[in-house]
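The values are calculated or read from the model by the stated rules, or taken from the named source; none is laboratory data. Predicted model only: the values in this text are computed from it and were never measured. All Cβ positions, glycine included, derive from the backbone under ideal geometry; neighbour counts span all protein chains shown.
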């Protein structure tokens, strides 16, 4: 729209016509206070805090509902307006309990801040305040009515943002009350957005309420460890008896690729870290068959000796290595590097939840065709085939809903279930679970009996110039090729392939494959990696996960190193199969695999370490250590120490100590935050000396140097932004067998309330799952 | 059925069929019914709107917006269907005129609705009755059914090629939905809260379509205007205030009731001649001229013409035509409390100043009247009301604030008399829970 010019408090402002006055003012630094106005949600004009004086209009006007107009003359801070705001606050505070000293929101409360600014410190109000008892609406949501100022943000974020509509308003006048639409409890996705968006302490979460004061926590921005969307989460951590404990997860600062969004897992399911079953001591199986706690030195000694013996006696092919989808890129990279260069084996695999290999291969030679997750909030048209984003990729679902709401994006949907996202889709086509391949061929022009709606989708898709195609693990093998081929026939289509866990994509990119090196380079080809990994690195592809267990059952696998995975549970491996294999498990819990291990090394989780992860859309992000737990070690540290104890040259494995010291000895203002920024700058320019082989930045240097596609702006990454990486599959095309290689995909089948092994150890998640299951049963029956 | 009152000073236009059995469609037709709509069908939209403009008819709901102008704001072309909406959510304390129209002359509402539909190009009209008027719905529904049976509603009304349907609906008992946009929310089946304006209903109204929403009395006047000619109608009233108005006199007048008098009729004369003066020969203390939301007038301020402009000049509002007469037995603090009790009860709760302000005022006035007041309370009551005024989402906040300010301003002495635990000078002990007589008394 054309720009208009107006005057606010004597300042001349130019902004596009139709911009709301409150937004136009904020852009030039004039902050107009508001409780109910919330960018992205529908307008309310209910709190009356944003009243301003507009010349020629008799009454004060709400800046949140007034579109700017040419020549408008506005005053925002006159005595009249200050008085109006002060009076509004006096009115709100008349019934608002002043229990700030114990309120969760104390210290980060918008009502406190506003009262501080407009000075409604005194009150003429002497009557008894209206009171209602606190209510619990779900395992995670509590409501304290007296604190509620009725800004309706919660109702709107639930209706509009989440498309759930679990909240409504009951009664009227001063008796108005926010209430669940389903009797006395919430039937919803338990995302906690209502709590997050509450400007006061009316909505509180079970995991955080009455636990601590905001200023007692350290706030660390890192990445959620659950699904493959890779939301940024700000963890509030506090000192505990055995380290630093996470007490809260949110993203109130709206940083990162998820803005303010977090789902139930991101917000509450950090409690697995505090589970009492957590392992905190290395365990070594004794001759009597029982585990006994030993020192780290002893445990690592045992592991190193056995691995070395296995390698030296049986050759590298006698060792198997299984990585994880929840370790960092640095750990995944180091794990495969150690396996290949130190153990001398290509027997490397991980839990594959989707076929990134085939996806990368299909896009070989194409540039800028892999979509970042941010594309889902801006693309004019999106085609989602398979998957249930609401359950499995909550941020993607949030983005798509937002895109539809704000930009009228067109969402096309084909799925074998009636997934919730169909509300936003026009049209939605239901196909059978085994016909995804046929459906893709149908899109490409094959005649298949899918009906009129499907034909309408096909015809519409063909006319979309900027289509974003997102598909789940229902698409495999040739279907992925066909899908990509169809997309490439459109002008500027982009693609995304959905995998299940926080670093599923990173595990694939980092080469946790028996036949592929980091960046999907064939293991038998020539590459810089080959020249750098040394003489033990075999040319022949190794065993995949299934083959490793078969080899073990044939007594052909002397040692198995499982880092953060539970293949025994997933694949139903028998104890018998591993009876002659020396099994080392690095995990947080006594998993089914750990139970069969000879040595268990208790590890830190993603919230307790630093590094990077890559979400399923190829957005690379930095992970920062937030929590700490006595008795555990990061996987990175353990890999290094095992290799070191085996007698490997750690400097070859981890290129630390190469940096140039260049701080010039200047002292930086710690209080101003300048020291932090300076630190980022040093690290980004490789000037910060990496003095420790446990510094993941040292591995990141090598990843950036050796992994094709991992070409990113280091300073931007370290400053907390995401970097889109796009590996090239050209190497894959050269090897014919990649088209026919088994994909080995086992989708996790997680829902909104499950999250693999971690989910099983999250009490809150389990509680919510049971609660919602009862709700569904009550609704159904 | 309430007893009808009458007085020779009355000029019966809208009320001319009251008591004539006009709920019967044949009787209505005998009494010149469904004549105007036929003429309107012949003449077309532009002519109708010109007639309405010439009549100087102003909205009878309270705001007094010129009806012809309102209709002319509706865009001629619209992708969405247009609607006519009759606001029969008569809820302002002191007002009981629409009630009589629905009771005695429902067809005049139907006829006016069709004419409004013709004027703006709508094919569907809604007649929305106040929730508490549920018992009138039967009358309205029968009238609509009779009109359908005659071919006056439905496909090709009156043998023309114009289709028009009418649906009636009752509210659920909320004063707030008398506000036009809240009424539309309610009619759409949602919570009765007002909408952000602009857009105004004429552009985006019911179900998002352009909508004309008029008070029932306004709509009932339409056919009479066409029948008698707009100039003749306009000339009945005062300048820029065409026609007559149903005044609802209640309180302490000798002969309470609904009287139809020309716009601009003198208020003093209305009370002392038409309504027969003050009951029992007592002294007049004050008059609320246009329903409980309008600022009170002192006995010395009532020698004014009752039209929108003159009452406005006197510092109050003509409002909905509810004239509440208060004699010298009335405790004005108690009356202020009774008034604010109503607005506190009826606040929809949407915006802070109205929700919290009315609640606070009610609590303070309750304590104050009961003898627990302090001197600073008097200023505080006024401060509160003044800080609500003009800052609420919809006019309900003003409706609560305006009379409160006037009570404190004009009867400050009575407030001061309640201080220091003194018994109420009007015979009610501070502990007494008895309140002033209900504002509306329909005999």
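Checked across segment A:27-36, the condition of being free of Cβ contacts under 8 Å to residues at least 40 places away in the same chain and within 14 Å of chain B (Cβ to nearest Cβ) holds for at least one residue.
Against the criterion of being farther than 20 Å from residue A:613 by Cα and touching a residue at least 12 places away in the same chain (Cβ under 8 Å), residue A:700 does not qualify. Could you tell me which of the residues B:234, B:143, B:147, B:220 is more than 20 Å from residue B:123 (Cα to Cα) and either more than 14 Å from chain A (Cβ to nearest Cβ) or crowded, with 23+ Cβ neighbours inside 10 Å (or both)? Every option except B:234 fails the conditions.
If you go through segment A:157-180 and pick out every residue that is within 12 Å of chain B (Cβ to nearest Cβ) and either surrounded by fewer than 17 Cβ atoms within 10 Å (Cβ to Cβ) or part of a loop (DSSP other than H, G, I, E, B) (or both), you end up with 6.
Just one of the listed residues (A:711, A:695, A:728, A:686) is within 22 Å of residue A:222 (Cβ to Cβ) and in contact (Cβ under 8 Å) with a residue 12 or more places away in the chain, and it is A:695. From the set of residues in segment A:37-60 that are touching a residue at least 40 places away in the same chain (Cβ under 8 Å) and within 13 Å of chain B (Cβ to nearest Cβ), which is surrounded by the fewest Cβ atoms within 10 Å (Cβ to Cβ)? Per the criteria, the residue is A:42. Entry remark, segment B:367-376: residues being assigned to a helix (DSSP H, G or I), under 15 Å from residue B:332 (Cβ atoms) and within 11 Å of another protein chain (Cβ to nearest Cβ) number 1 in total. Entry remark, segment B:25-47: residues being surrounded by 15 or more Cβ atoms within 10 Å (Cβ to Cβ) and touching a residue at least 12 places away in the same chain (Cβ under 8 Å) number 12 in total. The listed residues are B:361, B:318, and the only one of them that is more than 27 Å from residue A:168 (Cβ to Cβ), crowded, with 24+ Cβ neighbours inside 10 Å and within 14 Å of chain A (Cβ to nearest Cβ) turns out to be B:361. Total residues in segment B:180-203 satisfying the condition of being touching a helix residue (DSSP H, G or I) at 6+ places or on another chain (Cβ under 7 Å) and more than 13 Å from every other protein chain (Cβ to nearest Cβ): the figure is 6.
Checking B:346, B:334, B:356, B:273 one by one, the residue that is surrounded by fewer than 24 Cβ atoms within 10 Å (Cβ to Cβ), under 19 Å from residue B:382 (Cα atoms) and either touching a residue at least 12 places away in the same chain (Cβ under 8 Å) or more than 20 Å from the chain's Cα centre (by Cα) (or both) is B:334 and no other.
Residue B:353 meets the stated requirement of being within 14 Å of chain A (Cβ to nearest Cβ) and either modelled with pLDDT of 95 or more or in contact with a helix residue (DSSP H, G or I) (Cβ under 9 Å, 6 or more places away or on another chain) (or both).
Table: residues versus (1) under 28 Å from residue A:180 (Cα atoms); (2) within 14 Å of chain B (Cβ to nearest Cβ); (3) free of Cβ contacts under 8 Å to residues at least 40 places away in the same chain.
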site: A:69; (1), (2), (3): no, yes, no
site: A:72; (1), (2), (3): no, no, no
site: A:81; (1), (2), (3): no, yes, yes
site: A:102; (1), (2), (3): yes, no, no
site: A:106; (1), (2), (3): yes, no, no
site: A:125; (1), (2), (3): no, yes, yes
site: A:139; (1), (2), (3): yes, no, no
site: A:143; (1), (2), (3): yes, no, no
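Taking the criterion of being within 9 Å of another protein chain (Cβ to nearest Cβ), surrounded by fewer than 19 Cβ atoms within 10 Å (Cβ to Cβ) and either part of a helix (DSSP H, G or I) or more than 22 Å from the chain's Cα centre (by Cα) (or both), the residues of segment B:381-400 that qualify are B:383, B:386.
For segment A:229-248, enumerate the residues that are outside any strand (DSSP E or B) and on the phi > 0 side of the Ramachandran plot. Matches in segment A:229-248: A:230 only. All conditions in (1) in contact with a helix residue (DSSP H, G or I) (Cβ under 6 Å, 6 or more places away or on another chain); (2) surrounded by fewer than 22 Cβ atoms within 10 Å (Cβ to Cβ); (3) within 30 Å of residue A:764 (Cα to Cα) hold for residue A:145, with the sole exception of (1). Restricting attention to segment A:491-508, does a residue exist that is over 26 Å from the mean Cα position of the chain (by Cα) and either over 30 Å from residue A:377 (Cβ atoms) or surrounded by 19 or more Cβ atoms within 10 Å (Cβ to Cβ) (or both)? No, the conditions are met nowhere in segment A:491-508. When A:317, A:324 are screened for being part of a helix (DSSP H, G or I) and either crowded, with 24+ Cβ neighbours inside 10 Å or in contact with a helix residue (DSSP H, G or I) (Cβ under 9 Å, 6 or more places away or on another chain) (or both), only A:317 passes. Checked against the criterion of being surrounded by 16 or more Cβ atoms within 10 Å (Cβ to Cβ), modelled with pLDDT under 95 and either within 14 Å of chain B (Cβ to nearest Cβ) or closer than 23 Å to residue A:250 by Cβ (or both), the candidates A:111, A:93 yield just one match: A:93. Any residue in segment A:627-637 that is buried (at least 20 other Cβ atoms within 10 Å of the Cβ), at pLDDT below 95, within 20 Å of residue A:328 (Cα to Cα) and out of contact with any strand residue (DSSP E or B) (no Cβ under 6 Å at 6 or more places or on another chain)? Checking segment A:627-637: not a single residue is buried (at least 20 other Cβ atoms within 10 Å of the Cβ), at pLDDT below 95, within 20 Å of residue A:328 (Cα to Cα) and out of contact with any strand residue (DSSP E or B) (no Cβ under 6 Å at 6 or more places or on another chain).
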